[in-house]
Amino acid sequence: MTNYHKEQIEIIDKQLHQLKTKSNILFWGKILSFIGTLTMLYFCFTNTGTMMVIATILLAIAYCSAYVYDSKLQHRIEKLCTLHKLHVDEINALKGEFSAFPTGEEFVDKSHPYSFDLDIFGKGSLFNRVCRCTTDIGRRRLAEMMQTIQTDTKTIRKRMEAISELGRNEKHVGFIESVCTEEHTEGRITDIIPLLSENADKEKEGKFSSWQFHLLWTVPLCLFWSVVLMWALDIIPASIVTLFFMSNLAYMRIYRQTLKRMFKETSQLRKEFRGYAKLLRIIEKQTFTSSLLKDRFNTLFKDKGNATEALHRLNRTLTNVELRDNFVMYLICD
């Protein structure tokens, strides 16, 4: 295993060298094209000509192209650096050094029948040695499994088959490495989901009927813009528009802090779901043969719809909510 990790490190080092060389070339390309664009803009204002305009446009396109391509290169470099660290950490683990991995100290429970006495969690523990989870939910699930004695032989065999498949298949080794190099989630989802569920339950208790919803939201919105339209057509004086405008500002001021807290929570949640969406896209491309992995795969992508698509739809909704967190959108929509 040590030789495998060393070989991978050598391959990654070569790829990093190539990508960094390209990135350096693009860096100077961006500087030269940017300076060239500014220079041609100056000449366009002093001596307008078709060739000057065309040259300016081409240089601007060259700068934008170099910027976009370099951004993609930087993302690939970051992933390779993460993968490089992964192999270094695994080599250290083979030498008995596990400081780079989660210790699971948050799961230490002195009242548990065996996990505390057997040092299942903590520095140098079993959890510290085996945990390679990239999400907070994954770490919690692994801790739950370690705190529960499994006696069902069928379940134990299914887990052994799944572990064996992931370990012996070279394609799955690459898949696991890809998962580990993706953007890690920060665990905020485990704090936010219960809060959102609690708020959703409260909303169900006092759920608005259809006509109440339109009375509270649709009618004021239509009324405001109707007033603006009538003012534009000189049907009503500007003072009435000003009155509605000031009323909207007062309403925004009253609920501003509550809305800011909501937008902060949805922003954190969107970042979490974006991390999970990346992981799901990697998993979706895989093919599994063991019964346990096939069952998990079908649950995510076949039985009740596609989890990746569902997260994308949710991400779009949360993005739209975030877009409302600005002064202009408050004036237009509230």
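The values are calculated or read from the model by the stated rules, or taken from the named source; none is laboratory data. Owing to the predicted nature of the structure, the values given are computational and were not obtained by experimental measurement. All Cβ positions, even for glycine, are placed from backbone atoms using ideal geometry, and neighbour counts span all protein chains on display. Surface areas here come from the heavy atoms of the whole protein model, side chains and all, with no ligands, DNA or RNA. Shrake-Rupley method; radii C 1.70, N 1.55, O 1.52, S 1.80 Å.
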Return a yes/no flag: does the stretch 101-120 have any residue that is open to solvent by 30 Å² or more (accessible area, probe 1.4 Å), within 24 Å of residue 176 (Cα to Cα) and among the polar types (S, T, N, Q). yes
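Find the residue count for the stretch 1-29, including only residues that are open to solvent by 40 Å² or more (accessible area, probe 1.4 Å) and touching a residue at least 12 places away in the same chain (Cβ under 8 Å). Outline the logic, then answer.
Residues of the stretch 1-29 open to solvent by 40 Å² or more (accessible area, probe 1.4 Å): 1-4, 6-8, 10-11, 13-15, 17-18, 20-22, 24-25, 27-28.
Keeping just the survivors that are touching a residue at least 12 places away in the same chain (Cβ under 8 Å) gives 1-2, 6, 8, 13, 15, 20, 22, 27.
Summing the residues that are open to solvent by 40 Å² or more (accessible area, probe 1.4 Å) and touching a residue at least 12 places away in the same chain (Cβ under 8 Å) in the stretch 1-29 gives 9.
Residues are listed down the side, and each one gets a yes or a no for (1) at pLDDT 70 or above; (2) over 22 Å from residue 309 (Cβ atoms); (3) touching a His at 6+ places or on another chain (Cβ under 7 Å); (4) not aromatic (Phe, Trp, Tyr):
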| position | (1), (2), (3), (4) |
| --- | --- |
| 251 | no, yes, no, no |
| 258 | no, yes, no, yes |
| 261 | no, yes, no, yes |
| 281 | yes, no, no, yes |
| 290 | yes, yes, no, yes |
Within the stretch 131-162, how many residues are touching a residue at least 12 places away in the same chain (Cβ under 8 Å) and closer than 16 Å to residue 101 by Cα? 11
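Can you pull out every residue in the stretch 299-317 that is of a type in the set (Val, Ile, Thr) and either open to solvent by less than 60 Å² (accessible area, probe 1.4 Å) or in contact (Cβ under 8 Å) with a residue 40 or more places away in the chain (or both)? Spell out the reasoning first.
Looking only at the stretch 299-317, we keep the residues that are of a type in the set (Val, Ile, Thr), and these are 299, 308, 317.
Result: 308, single match.
Suppose the filter is farther than 30 Å from residue 33 by Cβ and part of a helix (DSSP H, G or I); does residue 78 pass it?
Values: farther than 30 Å from residue 33 by Cβ: no; part of a helix (DSSP H, G or I): yes.
For residue 78, the condition - farther than 30 Å from residue 33 by Cβ and part of a helix (DSSP H, G or I) - is not met.
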Taking interchain pairs and intrachain pairs at least six residues apart, which have beta carbon atoms under 8 angstrom, with the first residue in the stretch 70-96 and under 24 Å from residue 124 (Cβ atoms) and open to solvent by 20 Å² or more (accessible area, probe 1.4 Å) and the second acidic (Asp, Glu) and part of a helix (DSSP H, G or I)? 86/177
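Regarding residue 296, is this residue open to solvent by 70 Å² or more (accessible area, probe 1.4 Å) and modelled with pLDDT of 80 or more? Lay out the reasoning, then the answer.
Working: open to solvent by 70 Å² or more (accessible area, probe 1.4 Å): yes; modelled with pLDDT of 80 or more: yes.
Yes, satisfied.
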Right, residue 277: at pLDDT 70 or above, in contact with a His (Cβ under 9 Å, 6 or more places away or on another chain), in a helix (DSSP H, G or I) and of a type outside the set (Lys, Arg) or not? yes
If I filter the stretch 219-226 for residues that are assigned to a loop (DSSP other than H, G, I, E, B), at pLDDT 75 or above and either over 30 Å from residue 271 (Cα atoms) or out of contact with any Asp or Glu (no Cβ under 9 Å at 6 or more places or on another chain) (or both), do I get at least one hit? no
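Quickly run through the stretch 152-169 and pick out the residues that are among the β-branched types (Val, Ile, Thr) and open to solvent by 60 Å² or more (accessible area, probe 1.4 Å).
The answer is 153, 156, 163.
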Scan the stretch 124-139 and give yes if some residue there is farther than 23 Å from residue 163 by Cα and open to solvent by less than 60 Å² (accessible area, probe 1.4 Å), otherwise no. no
Please go through the stretch 109-121 and give me each residue that is modelled with pLDDT under 90 and within 30 Å of the chain's Cα centre (by Cα), ordered by number. none
Restricting attention to the stretch 41-64, report how many residues are part of a helix (DSSP H, G or I), of a type in the set (Val, Ile, Thr) and open to solvent by 70 Å² or more (accessible area, probe 1.4 Å). 5
Here is a list of conditions, (1) closer than 30 Å to residue 21 by Cα; (2) outside any helix (DSSP H, G or I), and residue 110 meets all of them except one; can you say which number that is? (1)
For the stretch 140-151, give me the residue count where each residue is open to solvent by less than 80 Å² (accessible area, probe 1.4 Å) and either among the small types (Gly, Ala, Ser) or modelled with pLDDT of 90 or more (or both). 5
